[in-house]
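Let me begin by presenting the structure, written as structure tokens, before commenting on it.
The values are calculated or read from the model by the stated rules, or taken from the named source; none is laboratory data. Because the structure is a prediction, the values reported are computed rather than measured. Cβ: placed from backbone, ideal geometry, glycine included. Neighbour counts: every protein chain shown. Protein only, heavy atoms only, side chains kept; ligands, DNA and RNA dropped before computing areas. Shrake-Rupley method; radii C 1.70, N 1.55, O 1.52, S 1.80 Å.
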Amino acid sequence: MKQILTAIIFVAMINAGAKAQKPITTWNKNQVIAHRGAWKKNGFPENSIASLKEAVKIKCFGSEFDVHMTKDSVLVVNHDPNFQGMSIPNSTYAELLTKKHANGESIPTAEAYLREGMKQKTTKLIFEIKPQKLGKERDLYLAERCLQLVHKLKAERWVEFISFGYDICQYIVEKAPAMKVHYLTGDVEPAKIKADRITGIDYPMAAFRKNEWFAPAKQLGVVLNVWTVNKVEDMNFFLDNKVDFITTNEPELLFETIAARKK
Ligand code: MG
């Protein structure tokens, strides 16, 4: 009897889990990913909560942000490994809090950033895991911590990972095969990306201009994204080549460019 009861509870728990993971279908349908949030037009700091909110407000498909780890292993959002002149990997989180962004925000933790992003269901959170240049072990520890955070907050449906670290991408594929992860460096052909079960190539413009990768990527079902595209002529080139996403510092201009093509 006890075994049957345990089995019933187990099945009920699985069903509850499945219900909680019901896919979100309200994501904005466009190619626009705001690089470090939508900061430029309004003069917000890059990678600030304000820039994330703006990307949501202007209806980007995604808002990209960069995650580093402090000396005391707190995940924080910033582009460079330095925040206001302080080395992130060599500072504690408390030390980083002694400085502020120009708009008065403190450096956001990745947790605060995700919690803010999860208040809405229209803009995806494009989570870049930054290699730490402190060896593979530290990078994989960072990847593990990032993944744990996403699981803790149940943020899986909001987040797509990106990284310059191939080891980091492979770690995500292995530990969270249902999650999306895109490789950034631009040096691996689509066939290998596909074979390694990485979701997409999110490459610099030059990598696409140098290599014939649009057609093979599409054929293989490898998602195409390009960074950082800020000029109209480049936007049109990549839209002509039907990339899935364009990462830009000028999301408003990309929206205008897309709208102009429909006229
Ligand atoms: Mg980035």
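Cβ under 13 Å from ILE193's Cβ, ILE193 left aside: what net charge do those residues give with Lys, Arg +1 and Asp, Glu -1?
+1
Relative contact order of the chain, please, whole-number percent, based on alpha carbon pairs below 8 angstrom and at least 6 residues apart.
Taking the mean separation of contacting Cα pairs over the length of the chain, I get 16 percent.
Just to verify a number: FRET efficiency for GLN219 and ASP72, C-beta to C-beta distance, R0 = 41 Å, to 0.05?
0.35
Round to a whole number: what % of the accessible area of segment 30-261 belongs to carbon and sulfur, probe 1.4 Å?
51
Apply the Kirkwood formula to segment 19-122: the hydrodynamic radius equals the inverse of the mean of 1/r over all pairs of different alpha-carbon atoms; give it in Å with one decimal. Intermediate results must be reported in sequence, preceding the final value.
Details: mean 1/r = 0.0696 Å⁻¹.
Its Kirkwood hydrodynamic radius stands at 14.4 Å.
Placing +1 at every Lys and Arg Cβ and -1 at every Asp and Glu Cβ, with all other atoms neutral, what dipole size does segment 30-261 have around its Cα centre, in debye to the nearest 20?
500
To the nearest 0.05, what FRET efficiency results for ARG261 and ASP187 with a Förster distance of 25 Å applied to their C-beta separation?
0.20
Report the Cα-based extents of segment 30-261 along its three principal axes, largest first, to the nearest Å.
For segment 30-261, the Cα spread along each principal axis is 48, 38, 30 Å.
Could you order peptides 157-163, 82-88 by the average number of other Cβ atoms within 10 Å of their residues, highest first? Write out the running numbers ahead of the final one.
Working: 157-163: 23.7, 82-88: 15.7.
Per-residue Cβ counts within 10 Å, averaged per peptide and sorted highest first, yield 157-163, 82-88.
Going by accessible area, probe 1.4 Å, with all protein chains left in place, what is the ranking of THR199, THR26, THR98, largest first?
THR98, THR26, THR199
Express in nm, to one decimal, how much length is gained between ARG197 and LYS152 on full extension, taking 0.36 nm for each residue of separation and deducting their alpha carbon distance.
13.8 nm
In square angstrom, what is the accessible area per residue of segment 123-263 with a 1.4 angstrom probe? Walk me through the numbers before you get to the answer.
Working: 6660 Å² over 141 residues.
Here the residues of segment 123-263 average 47 Å² of exposed surface.
What is the gain in length, in nm to one decimal, between GLU95 and LYS29 on full extension, counting 0.36 nm per residue of separation less the C-alpha to C-alpha distance?
Answer, rounded to one decimal: 19.7 nm.
What does the charge count around GLU95 come to, taking other residues whose C-beta lies under 10 Å from its C-beta (Lys +1, Arg +1, Asp -1, Glu -1)?
Working: positive: LYS71, LYS99; negative: ASP72.
Charge balance near GLU95 sits at +1.
If each of ARG209 and LYS59 carries a label point 7 Å out from its Cα toward its Cβ, how far apart are those two points in nm?
3.2
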